[in-house]
1. Contact list please: Cβ distance under 9 Å, first residue in the range 1-23 and within 15 Å of Lys51 (Cα to Cα), second residue open to solvent by less than 50 Å² (accessible area, probe 1.4 Å) and in a loop (DSSP other than H, G, I, E, B), pairs at least six apart or on different chains.
2. Pick out the one residue from Ala272, Ala247 that is modelled with pLDDT of 85 or more and either open to solvent by 30 Å² or more (accessible area, probe 1.4 Å) or not β-branched (Val, Ile, Thr) (or both).
3. When you scan the range 77-96, do you find a residue that is exposed (fewer than 13 other Cβ atoms within 10 Å of the Cβ) and farther than 26 Å from Asp134 by Cα, even just one?
4. Can you go through Val31, Val19 and tell me which one is in a helix (DSSP H, G or I) and open to solvent by less than 50 Å² (accessible area, probe 1.4 Å)?
5. Report yes if some residue within the range 121-133 is in contact with a Ser or Thr (Cβ under 9 Å, 6 or more places away or on another chain) and of a type outside the set (Lys, Arg); otherwise report no.
6. Evaluate the following for Thr156: is it more than 24 Å from Asp255 (Cα to Cα), hydroxyl-bearing (Ser, Thr, Tyr), open to solvent by less than 30 Å² (accessible area, probe 1.4 Å) and touching a residue at least 24 places away in the same chain (Cβ under 8 Å)?
7. Give the residue that is nearest to Ala192 (Cα to Cα), with candidates limited to residues of the range 222-267 that are touching a Gly at 6+ places or on another chain (Cβ under 7 Å) and charged (D, E, K, R).
8. Just checking, does the range 64-82 include any residue being assigned to a helix (DSSP H, G or I), under 30 Å from Pro229 (Cβ atoms) and under 34 Å from the mean Cα position of the chain (by Cα)?
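The values are calculated or read from the model by the stated rules, or taken from the named source; none is laboratory data. Not measured: the values here are computed from a predicted model. Reconstructed Cβ throughout: ideal geometry from the backbone, glycine too, with neighbour counts over all protein chains shown. Surface areas here come from the heavy atoms of the whole protein model, side chains and all, with no ligands, DNA or RNA. Shrake-Rupley method; radii C 1.70, N 1.55, O 1.52, S 1.80 Å.
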Amino acid sequence: MRSFVAVADNGGFLRAAAVLHLSQAAISQHVRRLESAVGRPLVERSGRGSKFTKDGEQLLAYARRILALHDDALHSFGMETPETVVIGSTEHAAAQLLPALSAELEQSLADYEVRLRIDRGTALREGLAAGRVDLALLLAPAADPRAVRVGELELTWYSAPGWQPPKDRPLPVVAFDDPCLLRTRALETLAAYGISSTVTAEAPQLAGVHAAVAAGAGVAMMATLGQIPAGLVRRYDLPRGVPIELAVCPRQGVDAQVLQCVADAVRRLIAAPVDQPDAVLIGHSPPEDSDLGLSLRG
């Protein structure tokens with residue numbers, strides 16, 4: 001019934017899905033179940049959209065009253081239907097940040113039901129614009145005035161144990177599919193130090209990058225908050241990349257207190273950076289009179 005009412009209140013199935021943080025298919029299934037229960041069509045096609053039938057309009061009035069009575073009953077017993085907050089994250093931050101973040105938000109956002117979504121940065125930005133995602137942890141956000149900067153993620157090179165760079169050909173690199181900020185940062189870091197490189201393996205997800213590196217396909221630059229991925233080792237013989245800024249980006253209309261609560265929680269989790277020794281690939285030296293942080297673009 002909430003899906004049914006949301007279709008009416010938001011002008012269609014797609015917008016109702018965004019508001020309720022469900023798929024459009026789920027909204028359609030809920031309406032079909034109502035139609036099966038009453039034995040009559042409730043919504044019909046109208047051009048490119050849809051409209052309520054006469055029976056649909058009648059059920060809509062009952063649905064509003066039923067939901068209002070339901071919520072009033074819960075309220076009378078001190079129970080509230082929790083509002084949902086959908087928090088998205090790229091994989092680079094998810095494994096290390098989200099478990100601890102969820103635990104913190106259980107206390108600080110006790111009145112909300114927190115849902116998590118892991119996706120590529122481009123998909124999360126689309127989700128924010130469409131209202132499917134309320135807040136997203138994004139790497140180096142563009143000039144978004146709503147983004148709240150929460151810290152930086154250190155970048156570390158990883159390889160399979162015992163793996164050694166080839167001496168007679170470019171350094172093999174495992175990277176995420178383009179476009180990807182980590183991919184760009186890795187290649188620019190090597191180029192700034194005069195190290196020839198080539199992408200020998202690509203993957204759309206973090207698991208694929210891990211698998212390729214573990215199989216000896218090359219090295220990969222990753223943001224892991226100091227936690228070494230299983231089956232991999234740190235490389236201290238490659239130049240460090242400039243840390244990537246992390247921000248919490250809200251969709252339009254998100255409660256400012258919720259945004260601040262999530263931003264503060266993330267900031268606390270990454271407040272203690274992991275120190276790593278500086279090192280350069282043997283046989284190479286950094287560009288003269290140039291700071292690596294100034295020679296690279298985000």
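1. Phe4/Leu42; Arg15/Gly131
2. Ala247
3. Scanning the range 77-96, I find at least one residue that is exposed (fewer than 13 other Cβ atoms within 10 Å of the Cβ) and farther than 26 Å from Asp134 by Cα, so the answer is yes.
4. Val31
5. yes
6. Answer is yes for this residue.
7. It comes out as Arg267.
8. Looking for residues that are assigned to a helix (DSSP H, G or I), under 30 Å from Pro229 (Cβ atoms) and under 34 Å from the mean Cα position of the chain (by Cα), one finds none in the range 64-82, hence no.
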